[in-house]
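Let me begin by presenting the structure, written as structure tokens, before commenting on it.
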Amino acid sequence: MMQRSFLAQNPSVLWFISILAVFTVIVTLLSEVTGVDMISTSFVKTLGKTLCLCLVAIAMDVVWGYCGILSLGHFAFFGIGGYAIGMWLMYARTEGIVLESLAGQPIPATPAEISDAIGNQIFGVVGSSDFPMIWAFADNLFLQLLMVVLVPGTLALVFGWLAFRSRVTGVYLSILTQAMTLALALYLFQNDSGLRGNNGLSGLQNIPGYEGVSQATLSIVFFIASAVALGAGYVFFAWIVSGKMGSVVKGIRDNEARVRFLGYHVESYKLFIFTTTAVVAGIAGALYYPQAGIINPGEIAPIASIYLAVWVAIGGRGRLYGAVIGAAFVSLLSSWFTGGGAPNINLGFYVIQWTDWWLVLLGFSFVVVTLFFPKGIGGLFDMLVRKQS
Amino acid sequence: MLRRYILALVLLFAQPIGANAQTLQDILQTHQEEVLKPGRRTVGVVLDDLVASGLPQAVPFLEAWRDREIVQRESDGLFFAVAEDGDTVALRDLDTNEVQTTAPDTALTEARPNGGVRRAIGDALVQFQLSDPDIEKRQAAVNAIARSMDASQLAPLQASIEAESDAALLAQKERLVGMLNASFADSTQDRIAAIEALSGDLSVDVRAVMNTILATSAHVALTVPDGANVAQILDVGTDLTPAEAYDRLVAAELAPPLVPKSAIREALIANISDGSVGGVAVAELNTDAARETAYDALAAAGSVEPRVTTQAQADAVAAHIFYLSYDEPDPSITDVTRTALTAIETKVGLSQTVDLGLDALSLASIYFLAAIGLAITFGVMGVINMAHGEFIMMGAYTGFVVQQFVPDYTLSIIIALPLAFAITFGAGVAMERLVIRHLYHRPLETLLATFGISIALQQLAKNIFGTQARPLTSPEWLDGALVFNDVIAISYIRIAIFVLALIFLALILYVLKRTRLGLEVRAVTQNPGMAASMGINPDRINMLTFGLGSGIAGIAGVAIGLYAKVTSEMGADYIVQSFMTVVVGGVGNVWGTLAGASLIGFLQKGIEWLNPSNTLAAQTYMILFIILFIQFRPKGIVALKGRAAAD
């Protein structure tokens, strides 16, 4: 009963799920796996990554578009999720390689010798061979998957609790979250951070235990997993923002003081939204980086979180499909322009090369969107709907 | 040059009047064998005679000898310097220094001093060079001594002091003699006096001399021997771990060596028979305990060395005494040196604190300069401008472009400062009119729109100027540093930035508090509606204020460009710190920005001092500190009170 009314209230959810499902099926059928091979493996990976970016964009939309907290730290949570899964991927794969190479020895290796050899393989690049404390659970997939959820969640919980209880709001909160992101990125850049510093974690596209499976198959598996995660995330957030809770959250966005005077404990709502979205960002990151193959601290830099806000703003804040459209549109367009896919424009006296000028275009179009289309691309749907009625 | 000429003349004429009118050739003839095939021991005789003779032509001879350019004519045994090499060699007379004769290559024997001898010759040369008429050669000789001090240099250096005419070099020589005396003087009294005389000197080389005197070496024995100048008795467990202690015992051959894990493994592999070692199956050897059991079984059978038991290790360590003793045997000297070194180190510590303070002050003034424009646009007007960093960058590139047209660095800086202000003022006004004005009541969107401008400007700068760093050269009078002593020094450019920061502080305070514009700015900030009803045009005031804040960012850009490289990303490096500075200091208050910049500058330097190897970690901890700080003082250090504080 409850479920039906929720879906009835949100026709867009059904629409979105159907479109996503059709899209997923089409891509799968056209991929290398079925033998049709119309979509290359690398493009399947790009699409899978884009779906993960859409998921984190939805999270960003909930925290910013619905709750009014412009967090410039959600891409950091995304990165933490990637690091958490990356630690297991890297550890397990290196363990496999090390065990194989030690198998030929005349006497079996002791656990200490195995651990030393793995440590040497992983941390040799930063001149160390000891496992730092944070790698304590790296050998266990289940615990490390738990870390994907727990670490961003705990960080968001502690940070949010500190910030919200001292009533840091608006741009101050944005700057504070940006500072948090910067601190995290700077920390990870150090060689003794225990996460291989500047080198980051690499070789994540190889899934331990599935060495025999081709990248084409793996890419489709991750693509479908990303699509499922996106669909689930969409339904979950649509449910959160639609009920009574959604009304309170939107009330906080529009006038925090008034909601507080109505007797709601504003801080708890904000903290819930902030933490939940951070966890979803972490999950999105954990799905993204095995497809990207490498993660390094540069990915977490404050600018990435700002781009996230850019996607949501261009797509249209305060509507979940807007965030999806924005993230997919801008990130695919961005890789088309910077990847040299866009034709250069010859002005006669000057050739505009899009690899150089794309960011200029993006920056100014962003100003234009903010000034003239505050509802973003999603606003176009409103116009369509209004014309029909 | 004239002085050198005269000196050479004097030497030339003085020599024949000297007691023994011997020539260089005479001396060399008495030591034919040693000159031709010098050994490290035999060369001393020749060198002593040469030094004793005091002949000026000995110096070019020694140089030639060191460079293997001395030959002997086989027909009569006379020595010559090679003037021109080839099949026929031109020979230079050693006394007159004139090319006298030639000889075929085959009729000559070359003197071949080896490496050790050439070093000895070099030392002897230093003694000559110490009294060389050419001040550059004397300076080089003094530098050579300072680089590697040695007892043999003391006497010649002391002898050269009296004749030294250059005051600066004399001071250096005396200081060097003091240091040499501290290490190598004959009597204990002389050394103690020399050491005490040095105790006011903070320089690194004096500290190095003292540390050499206080050098210790680690020893281990059953009891401390008599006459050892013991520096410290080491306590096993606190000063060194039991494992280290045992390693030292092994090194001193007072205990049998441990069998390392790798050796255990090797021994086990070597003794595998029928799939087991020492009664343990090979497959079970995957723990250290199992390997040790197997190894002990092998040791019991006598096929390998037994392991040293933990008990035996502990007993051996307990039976011995571990201590550090000074290499210098005389305790009175080490005592005096320790006292002197402690005094020096106290002074060095104090100076370092002052130096750190100066560093922090200059960092604080850079942060202040970067943030002061923001203090106006963000602090006073409440407009968040993420492109503020790019205004800093525009200012710096303005300086760079001006330097391309005006080659005189002083003049170009004087032109660049107002030009940078004008350009960024214009950019700020344009941005306010076109973008920010429409977003005054949507601060989060201002943040995003200005961020869009920021990435566009950054990429534009990259397209125009390229990605490599561009230099902004400071005028010559800003090169160098103001040196207070060996530890405290501050470069003039940092002083200039500090002064600039002070000027800006005064200027902005004046504009805001003492001018009509400032009054109107404050009025519009507090209540735009009321200000408008008093006849103030809020739009115009906002535009001017924003322009002023941006213009100051441009000037800050020129200053920062002088001290760091100009890149398209330089603004982004400062933007987060600048916002921190304003937020920590307290929004809406110039004094607050000053307090914030000082806090952040001193904090960062302080953390760097605690953890000197890692500036990244220092920045991380600083940002964490700021996040916590804002928890406890959300309104910053200087919080506005009363009506001004209203949102």
Cross-chain or 6+ apart pairs with Cβ under 9 Å, the range A:351-368 first and within 8 Å of another protein chain (Cβ to nearest Cβ), then outside any helix (DSSP H, G or I) and crowded, with 20+ Cβ neighbours inside 10 Å: A:Val367/B:Val435
Any pair with Cβ under 6 angstrom, 6 or more apart, that starts in the range A:197-216 at a residue that is assigned to a loop (DSSP other than H, G, I, E, B) and ends at one that is of a type in the set (S, T, N, Q): A:Gly200/A:Asn296
Residues satisfying the stated conditions in the range A:38-67, i.e. open to solvent by 10 Å² or more (accessible area, probe 1.4 Å), under 15 Å from A:Gln205 (Cα atoms) and more than 14 Å from the chain's Cα centre (by Cα): A:Thr41, A:Ser42, A:Phe43, A:Lys45
Single match in B:Leu562, B:Leu507 (criterion: away from chain A (no Cβ under 14 Å) and open to solvent by 50 Å² or more (accessible area, probe 1.4 Å)): B:Leu507
Checking A:Ala301 against (1) of a type in the set (A, V, I, L, M); (2) surrounded by 16 or more Cβ atoms within 10 Å (Cβ to Cβ); (3) over 26 Å from B:Ile575 (Cβ atoms), the condition it does not meet: (3)
Candidates B:Ala90, B:Ala124, filtered to the one that is at pLDDT 80 or above and under 30 Å from B:Gly77 (Cα atoms): B:Ala90
Of all residues making up the range B:584-616, the number that are open to solvent by 10 Å² or more (accessible area, probe 1.4 Å), more than 23 Å from B:Asp355 (Cα to Cα) and within 14 Å of chain A (Cβ to nearest Cβ): 2
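Tell me, which residue of the range A:161-183 that is of a type outside the set (Lys, Arg) and open to solvent by 40 Å² or more (accessible area, probe 1.4 Å) is nearest to the other protein chains (Cβ to nearest Cβ)? Steps first, please.
At the first step, the residues of the range A:161-183 found to be of a type outside the set (Lys, Arg) are A:161-164, A:166, A:168-183.
Imposing the further condition that a residue be open to solvent by 40 Å² or more (accessible area, probe 1.4 Å) reduces the set to A:161, A:169, A:172.
Details: A:Trp161: 10, A:Thr169: 10, A:Tyr172: 6 Å.
So the residue we want is A:Tyr172.
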Single unsatisfied condition, A:Ile377 versus (1) within 14 Å of chain B (Cβ to nearest Cβ); (2) under 27 Å from A:Ser42 (Cβ atoms); (3) out of contact with any Ser or Thr (no Cβ under 6 Å at 6 or more places or on another chain); (4) in contact (Cβ under 8 Å) with a residue 24 or more places away in the chain: (1)
Residue that is nearest to A:Asp116 (Cα to Cα) [pool: residues in the range B:259-295 that are more than 8 Å from chain A (Cβ to nearest Cβ) and open to solvent by less than 30 Å² (accessible area, probe 1.4 Å)]: B:Ile264
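Please determine, by comparing only the residues of the range A:281-298 that are open to solvent by 20 Å² or more (accessible area, probe 1.4 Å) and part of a helix (DSSP H, G or I), which one is nearest to the other protein chains (Cβ to nearest Cβ).
Initially, the range A:281-298 is screened for residues open to solvent by 20 Å² or more (accessible area, probe 1.4 Å), giving A:283, A:287-288, A:292, A:294, A:296, A:298.
When the remaining residues are screened for being part of a helix (DSSP H, G or I), the result is A:283, A:287-288, A:292, A:298.
Numbers: A:Ile283: 25, A:Leu287: 27, A:Tyr288: 22, A:Ala292: 22, A:Gly298: 13 Å.
Selected residue: A:Gly298.
Can you tell me which of A:Ala225, A:Ala229 is part of a helix (DSSP H, G or I), farther than 30 Å from B:Ser578 by Cβ and in contact with a Cys (Cβ under 8 Å, 6 or more places away or on another chain)?
On the way: A:Ala225 fails: in contact with a Cys (Cβ under 8 Å, 6 or more places away or on another chain).
Sole residue among the options that is part of a helix (DSSP H, G or I), farther than 30 Å from B:Ser578 by Cβ and in contact with a Cys (Cβ under 8 Å, 6 or more places away or on another chain): A:Ala229.
Determine if the range A:132-146 includes at least one residue that is more than 13 Å from every other protein chain (Cβ to nearest Cβ) and more than 18 Å from A:Leu89 (Cβ to Cβ). Let's see the steps before the verdict.
Our first condition is that a residue be more than 13 Å from every other protein chain (Cβ to nearest Cβ); within the range A:132-146, this holds for A:132-146.
Next, from what is left, pick out any that are more than 18 Å from A:Leu89 (Cβ to Cβ): A:133.
For the range A:132-146, residues more than 13 Å from every other protein chain (Cβ to nearest Cβ) and more than 18 Å from A:Leu89 (Cβ to Cβ): present.
Conditions (1) away from chain B (no Cβ under 12 Å); (2) aliphatic (A, V, I, L, M), marked per residue:
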{"position": "A:Gly68", "(1), (2)": "no, no"}
{"position": "A:Gly73", "(1), (2)": "no, no"}
{"position": "A:Tyr83", "(1), (2)": "yes, no"}
{"position": "A:Val98", "(1), (2)": "yes, yes"}
{"position": "A:Gly104", "(1), (2)": "yes, no"}
Restricting the range B:453-492 to residues that are among the hydroxyl-bearing types (Ser, Thr, Tyr) and under 32 Å from the mean Cα position of the chain (by Cα), the residue that is nearest to the other protein chains (Cβ to nearest Cβ): B:Thr467
Search result, residues across the range B:127-157 that are modelled with pLDDT of 80 or more and polar (S, T, N, Q): B:Gln139, B:Asn143
Top-ranked residue in the range A:304-324 [being crowded, with 21+ Cβ neighbours inside 10 Å and over 25 Å from B:Ala456 (Cβ atoms); ranked as nearest to the other protein chains (Cβ to nearest Cβ)]: A:Arg319
Unmet criterion (only one of (1) open to solvent by 50 Å² or more (accessible area, probe 1.4 Å); (2) modelled with pLDDT of 85 or more; (3) within 14 Å of chain A (Cβ to nearest Cβ)) for B:Ala251: (3)
Subset of the range B:40-96 (residues that are touching a helix residue (DSSP H, G or I) at 6+ places or on another chain (Cβ under 7 Å) and assigned to a loop (DSSP other than H, G, I, E, B)): B:Arg40, B:Thr42, B:Leu55, B:Pro56, B:Gln57, B:Glu74, B:Ser75, B:Gly77, B:Leu78, B:Asp87, B:Leu94, B:Asp95
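Being among the hydrophobic types (A, V, I, L, M, F, W, C) and over 31 Å from the mean Cα position of the chain (by Cα) is the filter here; which residues of the range A:73-129 pass it? Reasoning before the result, please.
If we filter the range A:73-129 for residues that are among the hydrophobic types (A, V, I, L, M, F, W, C), which is where we start, we get A:75-78, A:80, A:84-85, A:87-90, A:92, A:97-99, A:102-103, A:107, A:109, A:112, A:114, A:117-118, A:122-123, A:125-126.
Correct list: A:Val98, A:Leu99, A:Leu102, A:Ala103, A:Ile107, A:Ala109, A:Ala112, A:Ile114, A:Ala117.
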Only one of B:Leu434, B:Leu439 that is within 14 Å of chain A (Cβ to nearest Cβ), under 30 Å from A:Phe372 (Cα atoms), in contact with a helix residue (DSSP H, G or I) (Cβ under 9 Å, 6 or more places away or on another chain) and exposed (fewer than 14 other Cβ atoms within 10 Å of the Cβ): B:Leu434
Helices (runs of 4 or more DSSP H) within the range B:358-473 that include 2 or more residues under 30 Å from B:Ala489 (Cα atoms) and in contact (Cβ under 8 Å) with a residue 40 or more places away in the chain: B:388-405, B:409-434
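Just the residues that are aliphatic (A, V, I, L, M) and part of a helix (DSSP H, G or I), please, taken from the range A:352-384.
Of the range A:352-384, the ones aliphatic (A, V, I, L, M) are A:352, A:359-362, A:367-369, A:371, A:377, A:380, A:383-384.
A:Leu359, A:Val360, A:Leu361, A:Leu362, A:Val367, A:Val368, A:Val369, A:Leu371, A:Leu380, A:Met383, A:Leu384, listed by residue number.
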Tally of residues being within 21 Å of B:Arg494 (Cα to Cα) and of a type in the set (A, V, I, L, M) across the range B:551-598: 15
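Quick one: which of A:Val151, A:Val158 is farther than 29 Å from A:Arg260 by Cα, open to solvent by 20 Å² or more (accessible area, probe 1.4 Å) and either more than 14 Å from every other protein chain (Cβ to nearest Cβ) or part of a helix (DSSP H, G or I) (or both)? I'd like the intermediate steps shown before the answer.
Working: A:Val158 fails: farther than 29 Å from A:Arg260 by Cα.
Just a single option satisfies the conditions, and that option is A:Val151.
Would the range B:211-224 turn up any residue that is part of a helix (DSSP H, G or I), buried (at least 17 other Cβ atoms within 10 Å of the Cβ), touching a helix residue (DSSP H, G or I) at 6+ places or on another chain (Cβ under 6 Å) and in contact (Cβ under 8 Å) with a residue 24 or more places away in the chain?
The initial filter retains those residues of the range B:211-224 that are part of a helix (DSSP H, G or I), namely B:211-213.
Then keep just the ones that are buried (at least 17 other Cβ atoms within 10 Å of the Cβ); that gives B:213.
Subset that is touching a helix residue (DSSP H, G or I) at 6+ places or on another chain (Cβ under 6 Å): B:213.
Retained after the next criterion (residues that are in contact (Cβ under 8 Å) with a residue 24 or more places away in the chain): B:213.
Yes, there is a match, as at least one residue in the range B:211-224 is part of a helix (DSSP H, G or I), buried (at least 17 other Cβ atoms within 10 Å of the Cβ), touching a helix residue (DSSP H, G or I) at 6+ places or on another chain (Cβ under 6 Å) and in contact (Cβ under 8 Å) with a residue 24 or more places away in the chain.
The values are calculated or read from the model by the stated rules, or taken from the named source; none is laboratory data. Owing to the predicted nature of the structure, the values given are computational and were not obtained by experimental measurement. Don't worry about glycine lacking a Cβ; one is built from the backbone with ideal geometry, like all the others, and counts go over all protein chains shown. Surface accessibility is based on the protein's heavy atoms, side chains included, excluding ligands, DNA and RNA. Shrake-Rupley method; radii C 1.70, N 1.55, O 1.52, S 1.80 Å.
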